[in-house]
1. Does at least one position in segment 88-102 carry a residue that is surrounded by 12 or more Cβ atoms within 10 Å (Cβ to Cβ), over 13 Å from the mean Cα position of the chain (by Cα) and closer than 27 Å to ASP3 by Cβ?
2. Please verify whether segment 42-65 includes one or more residues that are within 15 Å of VAL11 (Cβ to Cβ) and under 14 Å from the mean Cα position of the chain (by Cα).
3. Check segment 57-70 and report whether any residue there is within 17 Å of ARG113 (Cα to Cα) and surrounded by 15 or more Cβ atoms within 10 Å (Cβ to Cβ).
4. Would you confirm, using the coordinates I've provided, whether CYS46 is in contact with a strand residue (DSSP E or B) (Cβ under 9 Å, 6 or more places away or on another chain), under 23 Å from ARG113 (Cβ atoms), assigned to a loop (DSSP other than H, G, I, E, B) and not small (Gly, Ala, Ser)?
5. Which one is surrounded by the fewest Cβ atoms within 10 Å (Cβ to Cβ), of the residues in segment 71-86 that are in contact with a helix residue (DSSP H, G or I) (Cβ under 9 Å, 6 or more places away or on another chain) and not in a loop (DSSP other than H, G, I, E, B)?
6. Go through (1) touching a residue at least 40 places away in the same chain (Cβ under 8 Å); (2) surrounded by 15 or more Cβ atoms within 10 Å (Cβ to Cβ); (3) not in a helix (DSSP H, G or I) for THR23 and report which single condition fails.
7. If I filter segment 35-54 for residues that are surrounded by fewer than 18 Cβ atoms within 10 Å (Cβ to Cβ) and touching a helix residue (DSSP H, G or I) at 6+ places or on another chain (Cβ under 6 Å), do I get at least one hit?
8. Which residue out of TYR89, TYR32 is under 18 Å from LEU115 (Cα atoms), part of a strand (DSSP E or B) and touching an Asp or Glu at 6+ places or on another chain (Cβ under 9 Å)?
Amino acid sequence: MRDPGLLCRKVASPRGARVTEITWGDGHVGVYPHEILRGYCPCATCQGHSGTISFVAAEGDQLQIEKIEPVGNYALRFEWFDGHGSGLYSFRFLRALCRCDACCPGEAKADHRDLPRA
């Protein structure tokens with residue numbers, strides 16, 4: 001049986017917003033600032049082919065989401081206003097990026113450490 005915490009139920013990302021919220025199958029509402037989503041884009045253009053994903057700072061239109069598409073039952077693809085959109089964000093990876101108070105308390109929100117590829 002699949003982990004309900006890795007089932008994406010709803011995505012809320014109003015036009016012009018700087019934060020996207022994802023409701024997961026276990027009821028958790030994940031909070032994803034666009035700075036974090038774009039900064040940790042997992043695509044090869046942003047990350048190369050190493051075993052880790054590093055934060056890459058972005059600004060302006062790079063932080064505006066144009067479109068969000070599901071990829072099978074395992075990932076989301078974000079297309080940004082600047083045309084970038086080749087990164088596939090697995091649900092497991094998105095859960096690791098959550099910046100809600102429960103997942104990322106206090107000063108941890110500002111931490112941009114390298115993450116393992118999921």
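Please treat every number below as a calculation from the coordinates, not as lab data. These numbers come from a predicted model, not from an experiment. Backbone-built Cβ (ideal geometry, glycine too); neighbour counts: all protein chains shown.
1. No: segment 88-102 contains no residue that is surrounded by 12 or more Cβ atoms within 10 Å (Cβ to Cβ), over 13 Å from the mean Cα position of the chain (by Cα) and closer than 27 Å to ASP3 by Cβ.
2. Yes, there is a match, as at least one residue in segment 42-65 is within 15 Å of VAL11 (Cβ to Cβ) and under 14 Å from the mean Cα position of the chain (by Cα).
3. For segment 57-70, residues within 17 Å of ARG113 (Cα to Cα) and surrounded by 15 or more Cβ atoms within 10 Å (Cβ to Cβ): present.
4. Considered against the rule, which asks whether it is in contact with a strand residue (DSSP E or B) (Cβ under 9 Å, 6 or more places away or on another chain), under 23 Å from ARG113 (Cβ atoms), assigned to a loop (DSSP other than H, G, I, E, B) and not small (Gly, Ala, Ser), CYS46 comes out as no.
5. Ranking the candidates gives ALA75 first.
6. Looking at each condition in turn, THR23 falls short on (1).
7. No, segment 35-54 contains no residue that is surrounded by fewer than 18 Cβ atoms within 10 Å (Cβ to Cβ) and touching a helix residue (DSSP H, G or I) at 6+ places or on another chain (Cβ under 6 Å).
8. Being under 18 Å from LEU115 (Cα atoms), part of a strand (DSSP E or B) and touching an Asp or Glu at 6+ places or on another chain (Cβ under 9 Å) holds for just one of TYR89, TYR32, which is TYR32.
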